[in-house]
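A short worksheet on the structure shown next.
The values are calculated or read from the model by the stated rules, or taken from the named source; none is laboratory data. Model, not experiment: these values are computed from the prediction. Quick reminder, even Gly has a Cβ in these numbers, built from the backbone with ideal geometry, and neighbours come from all protein chains shown. SASA here: full protein model, heavy atoms, side chains in, ligands and nucleic acids out. Shrake-Rupley method; radii C 1.70, N 1.55, O 1.52, S 1.80 Å.
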Amino acid sequence: MTALILNLSPTIELTDEQFFQLCQNNRDLRLERTAEGELIIMPPTGWESGNRNSRLTQRLGNWTDADGTGLSFDSSTGFKLPNGANRSPDASWVSRERLEALNPDPAKFLPLAPDFAVELLSASDSLKSVQQKMQEYIENGVRLGWLIDPQNQQVEIYRPGQEVEVLQSPTSLSGEDVLPGFILDLAQILS
């Protein structure tokens, strides 16, 4: 099963509040919206992808608790990117400093791009569309992004102003200067 894309424009132009309410009224659906206003309905993942994503989110959350400089988020968190898109990375992190400066409404989508975003490719995902999403994250302020592809045993690393780095069968990943000291053990995530 692949994502369903509805082109609402120009017939229907959803405001940010209308899109938020649509998501709240349809909590069983995973919805995203592109900068062009297309509505993306994403299917649920299979159990293997769900387990991998759970481990990824857990490991990022454990590091976040120990580090204390930011907050981590799972795939149910919506971000309103500067280009107008509403996205929900599989795992993400935002510094406390940025959150406190913004003081966003905790009941709404975060009106910013996370500092760090991860997408875990599942069987229902198109590699090309997820690569485009990763580029969109970087163009909107994400400082470090990982596209983890278990099927091909590879990871693509996205950084602003740099070419995408592709790693074949890595055993771990470094959070670099964005998440200093975070090392993601890829056991049970990539394999």
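The residue of region 13-34 that is least open to solvent (accessible area, probe 1.4 Å), among those that are of a type in the set (A, V, I, L, M, F, W, C) and over 16 Å from Asp125 (Cβ atoms), is Phe19.
Which pairs do you get when a residue that is closer than 14 Å to Lys80 by Cβ, found in region 17-39, comes within reach of a residue that is among the charged types (D, E, K, R), reach meaning Cβ atoms under 6 angstrom, with the pair 6+ apart or on two chains? So the pair list comes out as Phe19/Arg33; Glu32/Arg87.
Taken over region 155-191, residues that are open to solvent by less than 50 Å² (accessible area, probe 1.4 Å) and either within 14 Å of Phe116 (Cα to Cα) or of a type in the set (Lys, Arg) (or both) amount to 10. Answer yes or no as to whether Ser75 is open to solvent by less than 50 Å² (accessible area, probe 1.4 Å), hydroxyl-bearing (Ser, Thr, Tyr), modelled with pLDDT of 95 or more and closer than 17 Å to Met134 by Cα. In short, no. Taking (1) open to solvent by 80 Å² or more (accessible area, probe 1.4 Å); (2) without any contact (Cβ under 8 Å) to a residue 40 or more places away in the chain in turn, Ala123 satisfies each apart from (2). Going by the conditions given, is Thr57 in contact with a Lys or Arg (Cβ under 7 Å, 6 or more places away or on another chain) and of a type in the set (Ser, Thr, Tyr)? Taking the combined requirement at face value, the residue does not satisfy it.
As a summary of the residue check, Lys128 satisfies the conditions (1) open to solvent by 70 Å² or more (accessible area, probe 1.4 Å); (2) under 27 Å from Trp47 (Cα atoms); (3) in contact with a strand residue (DSSP E or B) (Cβ under 7 Å, 6 or more places away or on another chain) except for the one numbered (3). Residue under question is Asp74, and the condition is that it be within 23 Å of Glu139 (Cα to Cα), acidic (Asp, Glu) and more than 17 Å from the chain's Cα centre (by Cα); does it hold? So Asp74 does not fit the description; no. Among residues belonging to region 137-154 that are closer than 19 Å to Leu112 by Cβ and aliphatic (A, V, I, L, M), point out the one that is surrounded by the most Cβ atoms within 10 Å (Cβ to Cβ). Only one residue tops the list, namely Val142. Out of Gly37, Gly70, Gly61, one residue alone is at positive phi and open to solvent by less than 30 Å² (accessible area, probe 1.4 Å). It is Gly37. Listed by first and then second residue, the pairs linking a residue in region 128-147 that is among the aromatic types (Phe, Trp, Tyr) to a residue that is in a helix (DSSP H, G or I), with Cβ atoms under 6 Å apart and 6 or more places separating them unless they lie on different chains, form an empty list.
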